[in-house]
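Q: Following this message is one structure expressed as C-alpha cells.
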Amino acid sequence: MDEKNLQQHYEELKQQIHFHNHRYHVLDAPLISDLEYDKLVIELRQIEAGHPDWVTPDSPTQRAGAEVSEKFEKVRHPRPILSLANAFGAEDARAWYERVRKLDDRVEKASFVVEPKIDGLSVVLHYRDGVFAQGATRGDGEIGEDITANLRTVKAIPLKIPLIPNPPPVGRGEEIRVPVYLVVRGEIFIPVKDFEKLNERLEENGEKTYLNPRNTAAGSLRQLDPSITAARPLTLLVYQVVYSEGGEVPASQWELLQWLKRLGFPVTDVAQRFENIESAIAFTVSWDKRRDELSYEADGMVIKIDDLDLAGELGFVGKDPRGAIAFKFPAREVTTKLLGIEVEVGRTGVLTPKAVLEAVEINGVIVKNATLHNFDYIAEKDIRPGDRVLVKRAGEVIPYVIGPVVDLRTGLEKPFTPPLTCPACGQPVEHFEGEVACYCVNAACPAQLVRNVEHFVSRGSMDITGLGIKIVEKLIEAGLVKDVADIYTLKREDILEAVTKKDRKTGKEPPGKIADNLLAAIDTSRGQPLNRVITALGIHGVGEVSAADLSRAFPSLDLLRAASADQLQKVDGVGPNIAEAIVDWFSRERNQKVLEKLEAAGVWPVGAAHTSPEREGLLSGMTFVVTGTLPTFSREGVKEFIESHGGKVIDSVSKKTSYLVLGEAPGSKYQKAQELGVKVIGEEELKKLGLE
C-alpha cells in the first residue's frame, strides 16, 4: 500500500475505532467482539509506530476511555483513570518486561503481583471522612459520569469505611490511618451464575434476555432510575487507590490489596505475588485453561510491578502506564456471519437446530458450527440466517450462538421458521404444549433407529439380552433392521455377520453360541406382557409406570390404539400432553406398519400388567414423580421405597401429583412442577415422609 492510501486507511481506521468506542462505552451495544476491536487498535498502533508524525490528539491511542454520556452529570477525576497496554502471550509479556528493565535497572529485582482482568465496568469511588460520597464511571479517563445514586444500590460497595473499627495492622505491622479523602478504583460486574439466573427469570417473564454479563452490568449502572440498578445482581472488586489525602496508603500493590480488604472493600482472592517475572508469567498463562474456575468473566490477567513508587516513576507510553501490562487470554466471544441454520435429528427424536457459520477462530480453534439450543431460543433471540452473530466458546464446551448484532442487519434477513417435517424421514414432527423440544415420533426414522432399537431391547422393555449397540449398528448398517419389528425376522447368519472381529477375538463364547443365545432371547421376548411392549414402543412421555397403568385400562394394543385422548386422560398420570402423544403415535402410518409386523411376529400380548398388592403406610394416597439423579437411591430403589410405604410413583407431573422428588440434573419435570405449584422435595425429605 503506498503512503497516500496508507494514510487514508489510517484515518478510516481511527474513525472505525471511535465509532466502536462509542458503541461499547456510551451505548453499551457493541457491534464487534473484543478480539476484533483489539485487532483494529493493534493495526493502528503499528501504523503510528512507523509514522509518528501522523499521530494527532484525536487518535484513539491518545485517550484512555470513551466520551461521556449526556445523560449524567460530569465528574472530573482527581487523577487520570488509565487503561493498560495489552500483551497477547508470554513473549509479549517478556518484551514489556525488557522494555521497562532497560528504563530502570531496579525492575530486575522487583516483585510482581498478578490479578484477574475482570470483564466489567470500571468505577471510581470517593470517600470523605470514611463515608461514600460520590461514584463515577471511568468515562474518557479524565471526566466520568456521576452514577452515585446507582452505585449506592450495589451492596458490595461499603457506604462507610472502615467496616471494622480500628482495622488490624497490615504489611509492616504499623497502624495505618484511613485517609480523610480516599478515591479508589474497582470493577463492577455480574457473576456468571447470577447472570444466568437473571436471564432465566427474564425469560420466564417473557422479557428480553441479555447477551453477556459485561454489557448487562454497564447498562445496569447507567440507568436513570436507581431501582432498575438495584434489581440487578451487581457486585464489585477494588484494586487501586487513585488518590488520597490526610492518611497513609501502602506503597506495595500486594500490601495495598490487604489494606483495602481490611477497610471493608471486596478484593480478589486470586491475586498472587511473585519474586520474578517468569513465575508471574507462568501463573498468568495457567489461568487461560482455568478461567472457568472464576465466578466472573475475565478476559485476561494483569501483571503489575509490586513497588508502586517504582511503577509510578516508570511513567507512561502515550496514556498507558508502564508499570503494568494486561495479559489478554485468547478471545472466547467473536462475531461472525450466520450462513444458515441446519436441523439435526437426535437419537431420541428431538430436532436440534445447528448454526452454520462463516469460519472464525475462537480461543485457538477454527469454528464453523455452533449450537442454537432449540427453536424457542432462536425465536426468543430473533436469530436469523444472514445475521452477524456473537458466538462464544468456553473451555471444551461446544460453541454456541449468544445472539444477533441487530444493528448490523441489512433488512434482507428473514425470521427462521422451524420445520414441520423431520429432515431425516419426512414425517410430520410433533410439539407438545409446555415443552421446548420438537420431536419426530416415527418409530422407523433412520436418524433415531439405533436409539429406538436400543430402547426396545433394554431391560425395562423387551429385555433381549445380548443385543448390544455394536451388533444393532451392524444390523442397521447392513439394512437388516429398518425398524424394531425387524428384530423378529433375523436369522442366525445375520447375527454371525454382525458380530465384529473384536467380539470374535475377545468374546468368552464363540460367535455361533452368541448367535444362538441371542435368537433364543429374541424368541423369549415374544412372551413379554403388554406393559413391557407398550414401554418398548418408545411413545413420548410413556415410561414403565404409565405403561403398566395403560395396560390395566386398555388390556390390548387394539384397545389402546383405539382410545381417544379423553379416555386416555382418565388413567392416573396421563395428562393432555401424554394423551396427545399416544394418539399421535398410533395415528402415524409408519408406526402402524411396525405394529402389523409385530403382530405377525407373535408380539401381541393381551392382558393387564401384574398388579402388586397395595401396601399401607405413611405415603398411602400420595403420588410421586422422580426426576434427576438422587444421592443414594437408584431409580428402582426410590420406587421400591415409595411403594413399600404405600405411595405410588407416576411418570408425569400434574396438579394431582403430591410431590416431585428432585435429584441432580433434573429434566423438564422440575419446571412443570414449579408451574403447577407441586411441592418439591429431596431424598432426605422423602425418607422423613416415609419413616416419621
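Q: Output the number of residues of the stretch 209-224 satisfying the condition of being hydroxyl-bearing (Ser, Thr, Tyr), in contact with a Phe, Trp or Tyr (Cβ under 8 Å, 6 or more places away or on another chain) and modelled with pLDDT of 80 or more.
A: So the answer is 1.
Q: Residues Thr410, Thr348, Thr417, Thr336: which one is under 30 Å from Glu580 (Cα atoms) and free of Cβ contacts under 8 Å to residues at least 60 places away in the same chain?
A: Every option except Thr417 fails the conditions.
Q: More than 15 Å from Leu237 (Cβ to Cβ), outside the structural domain of Val107 (by TED's automatic domain parsing) and in a loop (DSSP other than H, G, I, E, B): does that describe Thr352?
A: Spelling it out, it is not the case that Thr352 is more than 15 Å from Leu237 (Cβ to Cβ), outside the structural domain of Val107 (by TED's automatic domain parsing) and in a loop (DSSP other than H, G, I, E, B).
Q: Among the residues of the stretch 425-472, count how many are out of contact with any Phe, Trp or Tyr (no Cβ under 6 Å at 6 or more places or on another chain), among the acidic types (Asp, Glu) and on the phi < 0 side of the Ramachandran plot.
A: Within the stretch 425-472, residues that are out of contact with any Phe, Trp or Tyr (no Cβ under 6 Å at 6 or more places or on another chain), among the acidic types (Asp, Glu) and on the phi < 0 side of the Ramachandran plot number 3.
Q: Return a yes/no flag: does the stretch 307-319 have any residue that is at pLDDT below 85 and touching a helix residue (DSSP H, G or I) at 6+ places or on another chain (Cβ under 8 Å).
A: Within the stretch 307-319 (the criterion being at pLDDT below 85 and touching a helix residue (DSSP H, G or I) at 6+ places or on another chain (Cβ under 8 Å)), the answer is yes, since at least one residue qualifies.
Q: Now a separate question. So the check is Cβ under 9 Å with 6+ separation or different chains; which pairs have a first residue in the stretch 657-678 that's among the acidic types (Asp, Glu) and a second one that's outside any helix (DSSP H, G or I)?
A: Close Cβ pairs satisfying both conditions: Glu664/Gly628; Glu664/Thr629; Glu664/Leu630; Glu664/Pro631; Glu675/Gly434; Glu675/Val653.
Q: Can you name the residue in the stretch 647-682 that is in contact with a helix residue (DSSP H, G or I) (Cβ under 9 Å, 6 or more places away or on another chain), of a type in the set (Lys, Arg) and surrounded by fewer than 19 Cβ atoms within 10 Å (Cβ to Cβ) and is also modelled with the highest pLDDT among such residues?
A: Ranking the qualifying residues of the stretch 647-682, first place goes to Lys679.
Q: Tell me, which residue of the stretch 174-201 that is at pLDDT below 85 and within 30 Å of Glu675 (Cα to Cα) is nearest to the chain's Cα centre (by Cα)?
A: Out of the qualifying residues, it is Glu196.
Yes/no per residue for (1) at pLDDT 90 or above; (2) at positive phi:
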position	(1), (2)
Lys501	no, no
Arg504	no, no
Pro510	no, no
Asn517	yes, no
Gly538	no, yes
Val542	no, no
Ser546	no, no
Gln567	yes, no
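Q: Report yes if some residue within the stretch 163-173 is surrounded by 18 or more Cβ atoms within 10 Å (Cβ to Cβ) and modelled with pLDDT of 70 or more; otherwise report no.
A: no
Q: Only residues that are without any contact (Cβ under 8 Å) to a residue 40 or more places away in the chain and among the hydroxyl-bearing types (Ser, Thr, Tyr): list them for the stretch 285-322, please.
A: Residue satisfying the conditions is Ser286 alone.
Q: Follow-up. Give, as residue ranges, the helices (runs of 4 or more DSSP H) completely inside the stretch 439-531 that count at least 3 residues that are more than 28 Å from Ser556 (Cα to Cα) and among the charged types (D, E, K, R).
A: Of the helices (runs of 4 or more DSSP H) lying wholly inside the stretch 439-531, those with at least 3 residues that are more than 28 Å from Ser556 (Cα to Cα) and among the charged types (D, E, K, R) span 469-477, 492-498, 501-506.
The values are calculated or read from the model by the stated rules, or taken from the named source; none is laboratory data. Since we're looking at a predicted model, the values are computed, not measured. Methodologically, a virtual Cβ is constructed for each residue, glycine included, from the backbone with ideal geometry; neighbour enumeration extends over all protein chains shown.
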